[in-house]
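Q: Got a structure for you, written out below as structure tokens; questions coming shortly.
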Ligand SMILES: [Zn+2]
């Protein structure tokens, strides 16, 4: 977010002139405010209404039917920086998680959240409850939460996350409430949808936790699958959640959650857990296997077997047992036939083999 009004930073350059004219028409130049906060519908509901008649919205925003409760806000100047994924609780200890709702305990939900990997597996257009915790905020209404989808890999991170052509169709059930270009939707009466440098994001005002709870909950939905061709196209998807000052857009905290939008969230979660488990077990499996002594080839028609002793006491015990058995065998043979000399191998002591 920037307060710069440099028209070179604005998107949709063909509309720059019109936009500048809009600013003149509404007297924006006379205000000591940045364009972003001026466009905030919660802060300036009347101005937003004025703008809806004047604003040269981009073609994609015009296509979307605007539901009564959720207005489309777009065309904002943004600094061209690489999105940041690093978690940062900031001064307000901003944290996010996905909780299982108590009434759904025991039922298989259409989403799974892996807390240790901060990864959500969800079906498309399922309302997933994100829980936000924060502290030390005197006036929550001065802050808001922004949800911005980005690609995780650095070679895709600069590419805006767009919907696929199929789900973008106006007839698609996911577009009943408008916002056809937005992969991430918020089930919130005061959600605002933004398009900045072709990046779609949604903001919701920060609110105090409901009495008896320690967190503020917002429902987010995802309107494309990770596998959508021409859309996410199997790239790793992250949802960056930032705590912002509404007036200035200044970031006060940030957390990121990886999201996999898929038909079988539980199956994919189990597959990932299994793979993680086998990867953790891999170093053990790759350790040198215990060497089992193989029986040596038979000599003089007699098979020789070996026993491994792992300490000197066991070795001495085994040698004694062996000598005792040999003595027994000699006595039996002496009774059955004339004495025959034992082979040298029979009398050789067991070779010590310590481990
Ligand atoms: Zn799609």
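Here, each number is a calculation from the coordinates, and none is a lab measurement. Computed from a predicted model, the values in this text were never measured in an experiment. Don't worry about glycine lacking a Cβ; one is built from the backbone with ideal geometry, like all the others, and counts go over all protein chains shown.
Q: Checking the a/c ratio against 1.5 first, then a/b against b/c, what shape does the Cα gyration tensor give for the stretch 94-189? Walk me through the numbers on the way to the answer.
A: Values: a/c = 1.45, a/b = 1.25, b/c = 1.16.
In terms of gyration-tensor shape, rounded.
Q: How long is the gain from residue 330 to residue 88 if the chain were fully straight, where each residue apart is worth 0.36 nm and the alpha carbon distance is subtracted?
A: Extending this stretch completely gives an extra 79.0 nm.
Q: Another question about this same structure. Between residue 127 and residue 108, what length comes free when the chain is fully extended (0.36 nm per residue of separation minus the Cα-Cα distance, one decimal in nm)?
A: Here the answer is 5.4 nm.
Q: Which FRET efficiency, nearest 0.05, do residue 233 and residue 171 yield, Cβ-Cβ r, R0 22 Å?
A: Once rounded, the FRET efficiency stands at 0.50.
Q: Can you tell me the length gained on complete extension of the stretch residue 198 to residue 159, counting 0.36 nm per residue apart and subtracting the Cα distance?
A: Gain in length upon complete extension: 13.1 nm.
Q: Further question: Need one number: nm distance between label points at residue 278 and residue 247, each 7 Å from Cα along Cα→Cβ, rounded to one decimal.
A: The two pseudo-label positions are separated by 5.6 nm.
Q: Would you mind putting 315-322, 148-155, 224-231, 329-336 in packing order, based on average other-beta-carbon counts within 10 Å, highest first?
A: Per-residue mean Cβ counts within 10 Å order the peptides as 224-231, 148-155, 315-322, 329-336.
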